[in-house]
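Undergrad: Supplied in structure tokens, the structure appears directly below.
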Amino acid sequence: GQGAMDEVFRAHEPLLNREVAVKTMAASVGADEELRKRFHREAQSAARLNHPNIITVYEYGEEQGQIYMAMELLEGRDLKELIGQSPPLSLPEKLSLIEQICDGLAFAHAKDVVHRDLKPANIHILPNGAVKIMDFGLARFASSDITRAGTIMGTPNYMSPEQVRGEKVGAPSDVFSLGAVFYELLAGRKPFASDSVHAVLFQVLQNEAKPLAEVAPDVPEPVRAVVERALAKDVPQR
């Protein structure tokens, strides 16, 4: 696979005789010191999180100027694919995924790690239904100031209002992003969607998502209440 700043290869580790995924920084961005820091930060963040619902990082290093990270190889599909599948997941299946995602994120927050880019494409579902949260590329330790206030990083449809404003973010920002992910999982539609990035960001800042009771009436009220509280604009209300 290939992204904007890295490539991922399937590889064999002979010492322990296992298949792994090796992520390398693309040569075109390897010379950018900030992106190198971000890649290193992803490895640091993920490596300190030993949890069944978070991807496991085995090794991080540099070889002949090529930065790499070796991690567990995941079978299955990401949540983005599952949300769009037909027939859709059942409500118990959706609630099982929600519970596992919350378990993994709670563990990360307990270790002082904020993800900051939670979205369906960064949540992988194994064939047995187990969840793995991936791609801590925007993560930072909650005590770190490596990303300056005023810098917007993340994915617009799932960003918190404070993230849109470029403010320093913490665990509540991840909670908002999870609220957006869970809304989409339960309703089959994004809570904030538009044809332009600017319009999406305006909705995140100013508009309330359409109530789940209208777009997903089969979802039990206690579940709707949790998701809608997560999507509160004001941090203390989440």
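The values are calculated or read from the model by the stated rules, or taken from the named source; none is laboratory data. What you see is a predicted model; the values in this text were computed from it and never measured. For neighbour counting, all protein chains shown are included, and Cβ atoms are generated from backbone atoms with ideal geometry for every residue, glycine included. For accessibility, only protein heavy atoms count, side chains too; no ligands or nucleic acids. Shrake-Rupley method; radii C 1.70, N 1.55, O 1.52, S 1.80 Å.
Undergrad: Placing +1 at every Lys and Arg Cβ and -1 at every Asp and Glu Cβ, with all other atoms neutral, what dipole size does the stretch 191-238 have around its Cα centre, in debye to the nearest 20? Could the numbers behind the result be given before it?
TA: Values: 5 positive and 7 negative charges, 36 e Å.
For this selection, approximately 180 debye.
Undergrad: Next up: Which aspartates and glutamates have a Cα less than 18 Å from the Cα of K37, not counting those fewer than 8 places away in the same chain?
TA: By straight Cα distance, K37 reaches D6, E7, E59, E62, E63, D117, D135, D145.
Undergrad: Helix-only estimate, please: 222 nm mean residue ellipticity of the chain, summing -39500 (n - 2.57) across DSSP H runs of length 4 or more and dividing by its residues, to the nearest 500. Write out the running numbers ahead of the final one.
TA: Values: 8 runs with 85 residues, N = 238.
Per the formula, -10500 deg cm²/dmol.
Undergrad: Within the stretch 1-110, what whole-number % of the accessible surface is contributed by carbon and sulfur, with the 1.4 Å probe and all protein chains included in the calculation? Don't jump to the answer; show the numbers that get you there.
TA: On the way: 3180 of 6240 Å².
On the stretch 1-110, the fraction of accessible area on carbon and sulfur atoms equals 51 percent.
Undergrad: Under Stokes-Einstein, with the Kirkwood radius over Cα pairs standing in for Rh, what whole-number D in µm²/s applies to the stretch 10-113 at 20 °C and 1.002 mPa s?
TA: 134
Undergrad: Sequence-distant or interchain residues sharing an amide H contact under 5 Å with V113, placed H: which?
TA: A142
Undergrad: Have a look at A216, A11, A121 and tell me which one the Gaussian network model of the chain (Cα, springs below 10 Å) gives the largest fluctuation.
TA: Highest fluctuation of the listed residues: A11.
Undergrad: Excluding ligands, DNA and RNA, what is the solvent-accessible area per residue of the chain at a probe of 1.4 Å, expressed in Å²? Can you show the working numbers first?
TA: Numbers: 11930 Å² over 238 residues.
Accessible area per residue, the chain: 50 Å².
Undergrad: In the chain, if the dipole is taken from +1 on Lys/Arg beta carbons and -1 on Asp/Glu beta carbons about the Cα centre, which of V8, A193, I123 is farthest to the positive end?
TA: Result: A193, furthest along the dipole toward the positive end.
Undergrad: How big is the charge dipole of the chain about its Cα centre, in debye rounded to the nearest 20, if each Lys and Arg gets +1 on its Cβ and each Asp and Glu gets -1 on its Cβ?
TA: Values: 26 positive and 33 negative charges, 81 e Å.
Here the chain has a charge dipole of around 380 debye.
Undergrad: Probe radius 1.4 Å, ligands and nucleic acids left out: which of Y158, Y60 has the largest accessible area, and how do the rest follow?
TA: Numbers: Y158 20, Y60 80 Å².
Per-residue accessible area, sorted high to low, gives Y60, Y158.
Undergrad: Go ahead and run the numbers for FRET between E93 and E62, Cβ-Cβ distance against an R0 of 35 Å, rounding to 0.05. Spell out each step's value before the answer.
TA: On the way: r = 41 Å, r/R0 = 1.18.
E between E93 and E62, to the nearest 0.05, is 0.25.
Undergrad: Please report the accessible area of F202 (heavy atoms, 1.4 Å probe, ligands and nucleic acids excluded) in Å², nearest 10.
TA: Roughly 120 Å² of F202 is accessible to a 1.4 Å probe.
Undergrad: Right, another one. For the chain, what is Rg from Cα atoms divided by 2.2 N^0.38 Å, rounded to two decimals? Write out the running numbers ahead of the final one.
TA: On the way: Rg = 18.0 Å, N = 238, 2.2 N^0.38 = 17.6 Å.
It is 1.02.
Undergrad: Calculated FRET efficiency, R189 and D103, Cβ-Cβ r, R0 30 Å, to nearest 0.05?
TA: Numbers: r = 25 Å, r/R0 = 0.85.
The formula returns an efficiency of 0.75 here.
Undergrad: Can you list residues whose amide H is under 5 Å from I54's amide H, if they're 5+ apart or on another chain and H is modeled 1.01 Å from N?
TA: Placed amide hydrogens put I133 under 5 Å from I54.
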